[in-house]
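Only the coordinates and a few stated rules stand behind these numbers; no lab work does. Because the structure is a prediction, the values reported are computed rather than measured. Cβ coordinates were reconstructed from backbone atoms using ideal geometry, including for glycine residues, and neighbour counts include every protein chain displayed.
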Amino acid sequence: MKVYAYLRASTEEQDATRAAEVLIKFAQEKGFEIAEYFVENASGTKLDRPKLIELINTAGEGDVLLVEQVDRLTRLTAEDWSTLKRTIEDKGLLVVSLDLPTSFAALQADDQSFTGDILKAVNRMLMDILATTARKDQEDRLRRQRQGIKRAQDAGKYNGRQQTEEGAKKVKKFYQQIDLGNNVADSAKVADISRAYGYKLIKMRKMEAKL
């Protein structure tokens with residue numbers, strides 16, 4: 001059995017570093033080593049995530065997909081989560097999440113007993129609940145953001161990020177690069193802005209599009 005860590009860092013590099021440190025500590029406490037790390041920058045609301053797909057393709061039957069929290073793996077709709085879960089199960093992977101202690105049993109010797117089967121069933125149910133909660137939290141967060149922007153717009157107080165002429169040109173260049181299909185890191189580099197600001201611009205564009 002090999003253990004593969006999946007980390008999702010949507011903004012800064014240190015987010016992945018912090019999560020990696022948490023997983024390493026967990027691995028040491030449980031007495032196993034992490035074979036490989038897969039760091040994703042794509043949103044957990046998307047089914048198409050290159051690093052997650054790479055991990056699934058790399059791992060074999062009986063291997064473990066390790067995450068810090070279930071919402072690092074999914075904030076998907078119920079339909080997309082069902083698709084991802086089926087893909088993981090068809091490959092024979094076992095998901096272990098630090099916020100779901102019942103999943104830790106996957107790190108032990110294979111238990112074919114009745115108790116082991118019950119534990120697996122309970123674990124699947126709890127993971128579905130956490131996946132649903134993660135999606136709801138995401139939708140609630142987006143709704144509050146939309147409401148806040150709408151109220152500010154109605155009050156005449158929201159015009160996006162205030163920018164100098166030079167800053168506006170950089171933002172325009174960044175969006176042009178994104179529209180050409182380039183990733184956030186490369187687009188930010190071309191536009192001479194920070195990657196963190198690039199992600200904020202992407203989030204802002206998505207929010208304004210939903211108003």
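Using amide H atoms built 1.01 Å from N in the peptide plane, name the residues 5+ places from residue 36, or on other chains, whose amide H lies under 5 Å from its own.
Long-range HN contacts for residue 36: 5.
Compute the length gained on full extension between residue 39 and residue 182: take 0.36 nm times their separation in residues and subtract their Cα-Cα distance, giving the result in nm to one decimal.
Taking residue 39 through residue 182 to full extension adds about 49.7 nm, to one decimal.
For segment 69-112, max minus min Cα coordinate along each principal axis, in Å, sorted largest first?
Here the Cα extents, ordered largest to smallest, are 32, 23, 12 Å.
Starting from the Cα of residue 51, step 7 Å along the direction of its Cβ; do the same at residue 192; then give the gap between the two resulting points in nm.
Going from the residue 51 label point to the residue 192 one covers 2.9 nm.
Between residue 87 and residue 18, take the C-beta separation as r, use R0 = 35 Å, and let me know the FRET efficiency to the nearest 0.05.
0.80
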